[in-house]
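Notes follow the structure.
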Amino acid sequence: MALAFTATLSAIPTAQANPFTISYNANADVVGAVTQKGITTGSVPTSSPQASGTTYTVLGQGTLARQGFTFAGWNTSSTGTGTTYQPGSTFTLTANATLFAIWTVPAAARLIGNGGAIINVANTNSVANGSLCLSAGIRGITSDGTHIYFRPSTNPGYICKTLPSGVLVSVHLVTGLDLVASDQLALVFGNGCLYLRKDTTTVNSIYCIAISNWSLNSISLPAGNPLPAGGGWLNGNFIQFPDGRIGSVGTSTAAASWSGGVGTGAGQCPSTMFCKSLRLYTPAGTGAATVLTYSAEFVLTDEINGWPDDDHGIATDGTYLYQIRYSRGYKVWALQTTSPSFLVFNGDANGGSATTPACGATTGVTATYCLISNPVNGASTGAALTNATYFGRSHGLGKYLVGDFNGASRFWLSDAAAPPPGPGNPDITPPAFTNSDTFTVTENIATSFNAATITVNDSATLVIAAGSDGALFNIVKVETATAYLRFKASPDFEAAADIGANNIYNITITTTDSVGNAASRTFFIVVSNVYESSVTTAPAVTGDVYKGIVTTITVTVNAPGSVRFLWSGKKIPGCLARPTSGNYPNYTATCQWKPAVTALQTITAEFISSDSSFSRSSSAPSSFWVLKRTTRR
């Protein structure tokens, strides 16, 4: 494949003797054609100089990663408009080349405008007071993972409870709630509470609507860690993480005035950018007994000052944080604790006037936005929601929800998406084994032979658990997700060493990932028999042999079966099929021989195995002098 050169490639005459250089660029500030500041970790691969005409193999991603994004290969242009090469592909070198990392936006970070459904609330089960929840605008919406809760605009002292399908389940009066402002306060579920801020200015306490008795309770915030003052229209924004923490996002501040300092470290704001704080609290207890403690602070960065000027809600899956803006688009941050959180999807462009919607973008948007009022398909006409306001997520369903401020009791429920683990979405999934349970090997394999290859779908440790036949094996890890099992001693089918002595070795392997998630699985290594040569020793007698006196002849073989004894090539009566006795590898057979003449006699033995995996064999001859008796009968 010929390399298509762009302005990033420096052409060198082919006659030049010096080798060409291939450079790799992390491309941290570009998503597609959009300059969107970001941060990468790890290192780009390095390549040694190559001679002109060399067929060059493109290197892999290695340790390089960009927070929130998915690596999609390398391109000869930083904007992804040149030639794309996947790791392992090849091209012929004719000049110096720079390959730029291409980063795509995961689907979990761009759900609005890309599917889901508009849900209309209906009282199909004739729930008492159900009419209070119909034909009303939404004033805060949240979910406990099973049900949806919202405040109706026409009766803000009530909480309406529905199924995700919109079917009304119950209607609850909350005494005193009608006195709490409804237009600019979000609703969020957690620890048996429906949390909401008391108003747009109180920062030291919040309300908990206890769903056990539908009471309104004041919950204090920890001293010295008040709620940040909300910005835009929805000053009372609120959020809940999958791990149970709750919090709020503050207003935008320039890096030069940021209290945490300027930079890309934890708590800092990058130079020339604007940042806002997401402050989190950990609830303990339930309902009215809930106690909040300070948990953490995230820094959300943006190149636009004051965005959103008209905040309509925030929500998170613990990995990505969404924020929506009235009648326009939304932005998504990849949450980080060790650095500022940069944008991963900019569905509101520069925050200016509306242009062409771009909800389907996978590599960023430029001067475009994603229309939140039509979250199903992002179209700019035929708006599905009159005024998309209030934002939440059903962590149990893995779906986001947006209320309609002016509509007739309806909301949008997104498609389900499972994000990768994040700081608020802990990795609780153990590694999974990806190979079969059973392996078969032949006996007598060397201890360096890989009796089994164990693989998992994560970077994890692999160890042999105690018990079963594990002590008979060594485990050799070859890379982060693969290990080999090897016998400590060469297995012998005829002398099975496993528990049960049936040549089926049971080994339990435990795998543990970097955060402690563990899984165990039992594997079986079956040792099969192979065709072997039997060995029959030369016949032996004890002491002298005398004419007319019975003498015992003994042979040893390495398999079960029968032995025929011969005297000078002639059959010895009673010794034509003498059975063996004993255990592998030492079986014996005997013959009672009464010599009839004195002379030098030759005895041989022929063995026939009863185990089909062993061959027949004959012994070497043994010679004995048969002596004359020295006593009379």
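Within the stretch 58-79, the set of residues being over 13 Å from Ser23 (Cα atoms) and not in a loop (DSSP other than H, G, I, E, B) comprises Ala65, Arg66, Thr70, Phe71, Ala72, Gly73. Being touching a residue at least 40 places away in the same chain (Cβ under 8 Å), aliphatic (A, V, I, L, M) and in contact with a strand residue (DSSP E or B) (Cβ under 8 Å, 6 or more places away or on another chain) is the filter here; which residues of the stretch 571-614 pass it? Correct list: Val597, Ile603, Ala605, Ile608.
Kindly evaluate Asp404 against the criterion of being more than 19 Å from the chain's Cα centre (by Cα) and exposed (fewer than 15 other Cβ atoms within 10 Å of the Cβ). Outline the logic, then answer.
On the way: more than 19 Å from the chain's Cα centre (by Cα): yes; exposed (fewer than 15 other Cβ atoms within 10 Å of the Cβ): no.
Here the answer is no, as Asp404 does not meet what is asked.
Gly145 satisfies every condition listed in (1) of a type outside the set (A, V, I, L, M); (2) at positive phi; (3) buried (at least 19 other Cβ atoms within 10 Å of the Cβ) except (3). In the stretch 601-623 there is no residue matching the filter, namely being over 28 Å from Tyr531 (Cβ atoms), of a type in the set (A, V, I, L, M) and part of a loop (DSSP other than H, G, I, E, B). Annotation note: Cβ proximity below 6 Å between a residue of the stretch 35-62 that is without any contact (Cβ under 8 Å) to a residue 40 or more places away in the chain and a residue that is assigned to a strand (DSSP E or B) and small (Gly, Ala, Ser) (sequence gap 6+ or interchain) occurs for Thr41/Ala65; Gly42/Ala65.
Return yes or no: is Gly137 touching a Phe, Trp or Tyr at 6+ places or on another chain (Cβ under 6 Å), crowded, with 18+ Cβ neighbours inside 10 Å and either not polar (S, T, N, Q) or not assigned by TED's automatic domain parsing to the domain that holds Ile206 (or both)? Talk me through it step by step, then tell me what you get.
Numbers: touching a Phe, Trp or Tyr at 6+ places or on another chain (Cβ under 6 Å): yes; crowded, with 18+ Cβ neighbours inside 10 Å: yes; either not polar (S, T, N, Q) or not assigned by TED's automatic domain parsing to the domain that holds Ile206 (or both): yes.
Yes.
The single condition among (1) surrounded by fewer than 18 Cβ atoms within 10 Å (Cβ to Cβ); (2) assigned to a loop (DSSP other than H, G, I, E, B) that Ser218 does not satisfy is (2). Yes or no: Ser295 in contact with a Lys or Arg (Cβ under 8 Å, 6 or more places away or on another chain), modelled with pLDDT of 90 or more, of a type outside the set (Asp, Glu) and surrounded by fewer than 23 Cβ atoms within 10 Å (Cβ to Cβ)? The answer is yes for Ser295.
Pull up the stretch 444-469, narrow it to residues that are hydroxyl-bearing (Ser, Thr, Tyr) and over 21 Å from Asn502 (Cα atoms), then point me to the one that is modelled with the lowest pLDDT. If you could, list the steps in order and put the result at the bottom.
Just the residues of the stretch 444-469 that are hydroxyl-bearing (Ser, Thr, Tyr), to begin with: 447-448, 453, 455, 459, 461, 468.
Restricting the remaining residues to those that are over 21 Å from Asn502 (Cα atoms) gives 448, 453, 455, 459, 461.
On the way: Ser448: 93, Thr453: 93, Thr455: 91, Ser459: 81, Thr461: 87.
This residue is Ser459.
Which members of the stretch 555-569 meet the condition of being part of a strand (DSSP E or B) and closer than 18 Å to Val545 by Cα? Val555, Phe565, Leu566, Trp567, listed by residue number.
Lys477 passes every criterion in (1) outside any strand (DSSP E or B); (2) surrounded by 14 or more Cβ atoms within 10 Å (Cβ to Cβ); (3) within 28 Å of the chain's Cα centre (by Cα) apart from (1). Within the stretch 312-323, none of the residues are in a loop (DSSP other than H, G, I, E, B) and either closer than 16 Å to Leu234 by Cα or over 23 Å from the mean Cα position of the chain (by Cα) (or both). Select, from Ala518, Ala501, Ala497, Ala451, the only residue that is in contact (Cβ under 8 Å) with a residue 60 or more places away in the chain and surrounded by fewer than 18 Cβ atoms within 10 Å (Cβ to Cβ). Ala518 is the lone residue from the list that is in contact (Cβ under 8 Å) with a residue 60 or more places away in the chain and surrounded by fewer than 18 Cβ atoms within 10 Å (Cβ to Cβ).
Just to be sure, is Arg393 of a type in the set (Lys, Arg) and under 32 Å from the mean Cα position of the chain (by Cα)? Yes, satisfied. Step by step: first the residues of the stretch 583-633, then only those that are small (Gly, Ala, Ser) and closer than 12 Å to Val563 by Cβ, then the one that is surrounded by the most Cβ atoms within 10 Å (Cβ to Cβ). Which residue is that? Per the criteria, the residue is Ala605.
In the stretch 80-174, which strands (runs of 3 or more DSSP E) lie fully inside it and hold 3 or more residues that are under 30 Å from Ser23 (Cα atoms), aliphatic (A, V, I, L, M) and in contact (Cβ under 8 Å) with a residue 40 or more places away in the chain?
Values: elements: 90-92, 97-104, 117-120, 138-143, 148-152, 158-162, 168-173.
Hits in the stretch 80-174: 97-104.
Yes/no per residue for (1) under 21 Å from Gly130 (Cβ atoms); (2) within 38 Å of the chain's Cα centre (by Cα); (3) assigned by TED's automatic domain parsing to the domain that holds Gly403; (4) modelled with pLDDT under 95:
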| residue | (1), (2), (3), (4) |
| --- | --- |
| Gly157 | yes, no, yes, no |
| Pro164 | yes, yes, yes, no |
| Val169 | yes, yes, yes, no |
| Leu187 | yes, yes, yes, no |
| Leu194 | yes, yes, yes, no |
| Thr202 | no, no, yes, yes |
| Gly232 | no, yes, yes, yes |
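Looking across the stretch 383-431, the residues that are at negative phi and among the hydroxyl-bearing types (Ser, Thr, Tyr) come down to Thr386, Thr389, Ser394, Tyr400, Ser414, Thr429. Taking the conditions exactly as written (touching a helix residue (DSSP H, G or I) at 6+ places or on another chain (Cβ under 7 Å) and modelled with pLDDT under 90), does Tyr531 satisfy them or not? When the stated conditions are applied, Tyr531 does not pass them. Tell me which residues, restricted to the stretch 41-57, are surrounded by fewer than 14 Cβ atoms within 10 Å (Cβ to Cβ) and not in a strand (DSSP E or B). Of everything in the stretch 41-57, those that are surrounded by fewer than 14 Cβ atoms within 10 Å (Cβ to Cβ) and not in a strand (DSSP E or B) turn out to be Gly42, Ser43, Thr46, Ser48, Pro49, Ala51, Gly53.
Identify, from the list Thr337, Thr301, the residue that is part of a loop (DSSP other than H, G, I, E, B), touching a Pro at 6+ places or on another chain (Cβ under 8 Å) and either of a type in the set (Gly, Ala, Ser) or closer than 30 Å to Pro375 by Cα (or both). Quick ask: steps written out before the conclusion?
Numbers: Thr301 fails: part of a loop (DSSP other than H, G, I, E, B).
That would be Thr337, the only listed residue that is part of a loop (DSSP other than H, G, I, E, B), touching a Pro at 6+ places or on another chain (Cβ under 8 Å) and either of a type in the set (Gly, Ala, Ser) or closer than 30 Å to Pro375 by Cα (or both).
The lone criterion from (1) farther than 21 Å from Asp199 by Cα; (2) part of a loop (DSSP other than H, G, I, E, B) left unmet by Leu227 is number (1). Let me spell it out: the conditions are (1) at negative phi; (2) part of a loop (DSSP other than H, G, I, E, B); (3) surrounded by 20 or more Cβ atoms within 10 Å (Cβ to Cβ), and Asp243 meets all of them except one. Which number is the exception? Here Asp243 meets the rest and fails (3). Being of a type outside the set (A, V, I, L, M, F, W, C), out of contact with any Gly (no Cβ under 6 Å at 6 or more places or on another chain) and surrounded by 24 or more Cβ atoms within 10 Å (Cβ to Cβ): is that true of Asn350 here? No.
The values are calculated or read from the model by the stated rules, or taken from the named source; none is laboratory data. Everything quoted here is computed from the prediction, not taken from an experiment. Glycine also receives a Cβ, built like all others from the backbone with ideal geometry; neighbour counts cover every protein chain displayed.
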